[in-house]
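The values are calculated or read from the model by the stated rules, or taken from the named source; none is laboratory data. Since the model is a prediction, treat every value here as computed from it, not as a measurement. FYI the Cβ positions are ideal-geometry reconstructions off the backbone, even for glycines, and counts take in every protein chain you see. These accessible areas exclude ligands, DNA and RNA; they are computed on the full protein's heavy atoms, side chains included. Shrake-Rupley method; radii C 1.70, N 1.55, O 1.52, S 1.80 Å.
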Amino acid sequence: YLLDKSDKYDSRDVERLQQDDKWVENYLIWRHDVVDDTLKMIDESFQWRKEYTVNDLTESVLPKWLFESGALFLHGYDKEGYKLFWFKVKLHVRDQKQQLEKKKLVAFWLEHYAKRDHGKPLTVVFDMAETGISHIDLDFVRFIVNCFTDYYPNFLTKIVIFEMPWIMNAAFKIVKGWLGPDAISMLKFTNKSDVQEYISGEYLPPHMGGTDSFKYSYPPLVDDDFQTPLCENGPITSEDEHESKEEIDTDAKETGDLNEEQNLNQKKMNSVEQISKSEENDKTEFKPKNAKKALTTFKGPLLHISPAEELYFGSKETGEKKCLIVLTNVTKNIVAFKVRTTAPEKYRVKPSNSSCEPGTSLDIIVSLHGGFAASLQDRFLIMAAEMDQSSGSGVPELAQFWKEVPRTKVMEHRLRCHVIESSKPSTLTLKENALHIPAKTNEDLHMQLTHLLQINKRLQEQIDRCLWFQQLSVVLSLLSVIIVAFCFYLAYTQRS
């Protein structure tokens, strides 16, 4: 393929294919490990990527009105922690003159997210409220379907269709014909009463029965809902003292049956216990108990970041409320960094806005406020940029530096949250923790299940072939017996 069609591919895609095993694996998974089908998909997607100049799609090359329309955008997460890709169908207007630009907008968003979150799959939401025949554009819908079935491998978790008008049923039967069996199984038809089976109310707008007050606007481009700073220089006072106060207040509310004097005594006792714990933590250099050195490391051009993908927190039962991020400066200059999050009200980071000397490592402690629990939807963004040797590394200098540094010189890396639910881990979990192996994510389990199903399918095919050969052997054996019997019969008749 490469030799015959090298002029039809973007050299950057070819280079990535040769270096990115995860990308190749996604193509294989999406085509059920059938190599010929995988090669065909890579060939088609690479030609499409070059035709649409996917690697060069930026905000500047697309018309501003496309972004301003608000018909397509990324926002929020489903209940499994997958990003939501919204299609506001009522805002789409059929126009053949604008069709190519609209298709490039879809490609822009998909590529924007794929590069930013390392190809983590998406959940697509078709919001069809207040739509009718005038909004049906089968050519555009087919392009969107092709993006997920032919061009972006293993990039789709489910398609949530909200309030599809009955008048569109005939058109959708045509769309189903374009979808393969795998994609059809991902379709989820919903309305206001059942959409929260897949998406929680906090990420649903009011007309879908949710409480999300988010209103899309442009500019700026929606940046995954990250907010900064969490706490510009880390907590000013002891985190444990803050937690003890919050826990005391919670206890006071829950023990309303006790009199006021008993509550005050309980507060004092809790405060003493928490302060003693705080002193013990300080003596052990404030290392959280679940702050394990992860086996995986993201190797960026400025910083190596460990863990590479996920921060592991416990549920309220397990009590694991702190995680460790290790940054290693791999440049010859000072690297400034800061941490952003989608849930600043939940987390404290120490330090959250600082710098790292050349060749050194720095530990960042991420802790939950008392009373809060981590969620699969929570994300962290680490931003880093090189500083001149002459630049200072104090708070004023860092603040000025982040105002002036060009966006193109900023390295970004995202981390997801993983919640360990079990309060009584099994022997296997204990062994994994002892070996510092993180628990498996939903995505890992999904991939393993997919792999097992593929193996099962291959075994079933082998069994079917064996049965076919067995039946053929039986038929041939019967024919042989009949022929031999017939020969004996002829011989006998000739003698007689």
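Report, in whole Å, the centroid distance computed from the Cα atoms of region 358-413 and region 1-78.
That distance is 30 Å.
Can you give me the accessible area per residue for region 57-208, using a 1.4 Å probe, in Å²?
Solvent-accessible surface per residue comes out at 42 Å².
Sort all Cα-Cα distances of region 57-208 into consecutive 10 angstrom bins from zero, then give the percent of pairs in each bin up to the one containing the longest distance.
Reading upward from the zero bin: 10, 42, 40, 8, 0.
Looking at this model, which pairs from K22/K120; K83/K457; K115/K403; K50/K104; K120/K173; K8/K83 are more than 22 angstrom apart at the alpha-carbon?
Over 22 Å Cα-Cα: K83/K457; K115/K403; K120/K173; K8/K83.
Where Lys and Arg each count +1 and Asp and Glu each count -1, what net charge lies around Y198 among other residues with Cβ under 12 Å from its Cβ?
Neighbour charge sum, excluding Y198 itself: -1.
How large is the translational diffusion coefficient of region 298-418 in µm² per second when you combine the Kirkwood radius over alpha carbon pairs with Stokes-Einstein at 20 °C and 1.002 mPa s?
Translational diffusion coefficient: 143 µm²/s.
Considering only protein heavy atoms, with the full assembly of protein chains and a 1.4 angstrom probe, order Y27, Y151 by accessible area, largest first.
Descending order: Y151, Y27.
Given H placed on each backbone N at 1.01 Å, which residues far from E310 in sequence or on other chains put an amide H within less than 5 Å of it?
R416
Residues with beta-carbon under 10 Å from that of D137, excluding D137: net charge, scoring Lys, Arg +1 and Asp, Glu -1?
+1
How large a share of the accessible area of region 57-208, in percent, is made up of carbon and sulfur atoms when the probe is 1.4 Å and the other protein chains stay in place?
55 percent
Ignoring ligands and nucleic acids, what accessible area does T450 show with a 1.4 Å probe (Å², nearest 10)?
The accessible area of T450 comes to roughly 30 Å².
To the nearest 10 square angstrom, how much accessible area does Y312 have with a 1.4 angstrom probe?
For Y312, the solvent-accessible surface is approximately 50 Å².
Keeping all protein chains in place and using 1.4 angstrom, which order do V484, V410, V125 fall into by accessible surface area, from largest down?
So, going from the largest accessible area down, we get V484, V410, V125.
Probe radius 1.4 Å, ligands and nucleic acids left out: which of K173, K79 has the largest accessible area, and how do the rest follow?
Largest accessible area first, the residues go K173, K79.
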